[in-house]
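Throughout, read-outs are computed from the coordinates displayed, never taken from laboratory work. Bear in mind the structure is a predicted one, so any value in this text is a computation, not a measurement. Note that each Cβ is placed from the backbone with ideal geometry, even for glycine, and that neighbours are counted across all protein chains shown.
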């Protein structure tokens, strides 16, 4: 049954692109995806320094050194957004498949774990209409409909290893692919004038890597009584220049014509992640994380984009982890989470940076000893109505399912 769910999920993930209808995603590679995990969504999305037996982190491959079960995970998300300017607002929502991962331990003694998966890296999704008044009496007033969809996805496989003094490292081989599609439709109010459509499509492909580390328990050095686990973590995500097919197509009432076709490069800047985590007492986990990506260095066909800037994300999270004991009720075994984050997004318009503030919460419901369902709810506020810009209010609901099994074990005869 689990294999059937896993196979169907792979097919759906490879075919699904959701639309969040945010016009800001018109620029660059769209909104960045930091994590598909409902657990990490409930704690601010990063969790760079966490060693977690019950989940597969895609932020830092060094975390896989703590695997003790074979795990299969996948997630779904409901994305709703209210967009407003100085005079009007509207609400739209979509449901999307976030991705899937598969991981298993090879050696608990040496911290060797292997994981693979297919997850989103970015998403482009917007719809907008701009109306124009014609100054030519022969041409009626007209409007231009702008629409974009697609994004980048990442297929990865990697491994971890535990060095002396319980210092963990990990690395992945990543393959990036996707479609960045931009549509423009020119419509006249007078039906005697013909409608024209333009479709600009980029199809990037290429390789990259993510390299990370997680320190040993630093409380063995600090020797504080109220902390039981203190760890530092970091990871670097590098993407090579992506080979990109570019196609520009026009459509009119007479014909469909491909007027330009070429091959170019997309350069995505390095992403650096840093994190600190510690447990207060035995049940209260706290995370503090930082992620930085300099999109001022983003280039397509060797050209920078003026509407992009260097960005970063800062988040902090809290989780209550109950001590497992015999005779506990269902609700006594539930993990509770809370997170806050501030993001300086890469978007920059009319001398105004687009910043985002988010608050999140989450729960983990146990399904037996090694399986769980994770829920996360996130509310985000982005942008401003000043300078004729847009203000966005996001609601995101994440559902994650994690299966744990004892596979690939050898027994002495």
* Between residue 328 and residue 307, what length comes free when the chain is fully extended (0.36 nm per residue of separation minus the Cα-Cα distance, one decimal in nm)? -> 2.2 nm
* Bin width 20 Å, alpha-carbon pairs only: give the P(r) of the chain as whole percents, running from 0 to the bin holding the largest distance. => 24, 54, 18, 3, 0
* To do: Calculate the length of the line joining the C-alpha centroid of region 25-59 to that of region 271-287, in whole Å.
  => 15 Å
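Arranged from highest to lowest average of other beta-carbon atoms within 10 Å per residue, in what order do the peptides 95-102, 361-368 appear?
Details: 95-102: 20.6, 361-368: 17.0.
By packing density, highest mean first, the sequence is 95-102, 361-368.
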* Structure fact -> In nanometres, the difference between 0.36 nm per residue of separation and the alpha-carbon distance of residue 186 and residue 133 is 17.8 nm
* Using only C-alpha positions, report the orientation-averaged shadow area of the convex hull of region 168-225, nm², one decimal. => 9.0 nm²
* Tell me what the chain gives for mean residue ellipticity at 222 nm when only DSSP H runs of n ≥ 4 count, each as -39,500 (n - 2.57), the sum divided by the residue total, rounded to 500 deg cm²/dmol. => -1500 deg cm²/dmol
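Calculate, in nm to one decimal, what residue 251 and residue 84 gain on full extension: separation in residues at 0.36 nm each, minus their alpha carbon distance. Let's see the in-between values first.
Numbers: separation 167, 0.36 × 167 = 60.12 nm, distance 3.14 nm.
Net length gain for the segment: 57.0 nm.
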* Structure fact -> Note: probe point = Cα of residue 53 + 7 Å toward Cβ; backbone nitrogen < 12 Å; residues of region 303-337 passing the test are 324
* Between 0 and 90°, nearest 10: helix 2-15 axis offset from the chain longest Cα axis -> 30 degrees
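So for region 318-413, what are the equivalent ellipsoid semi-axes in whole Å, largest first, each being the square root of 5 times an eigenvalue of the Cα gyration tensor? All intermediate terms of the calculation are to be shown ahead of the outcome.
Details: eigenvalues 344, 58, 21 Å².
Each semi-axis is the square root of five times an eigenvalue, giving 41, 17, 10 Å.
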* To do: Quickly rank 71-80, 58-67 as a protection proxy: mean count of other C-beta atoms within 10 Å, highest first.
  => 58-67, 71-80
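Can you order the peptides 211-217, 163-169 by their average number of other Cβ atoms within 10 Å per residue, highest first? Mind showing how you got there, number by number?
Values: 211-217: 20.9, 163-169: 14.6.
Going from most to least packed, we get 211-217, 163-169.
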* Asked: How big is the gap, in Å, between the Cα center of region 155-192 and the Cα center of region 344-387?
  -> 18 Å
* Structure fact -> Taking r as the C-beta separation of residue 220 and residue 284 and R0 as 22 Å, the FRET efficiency to the nearest 0.05 is 0.70
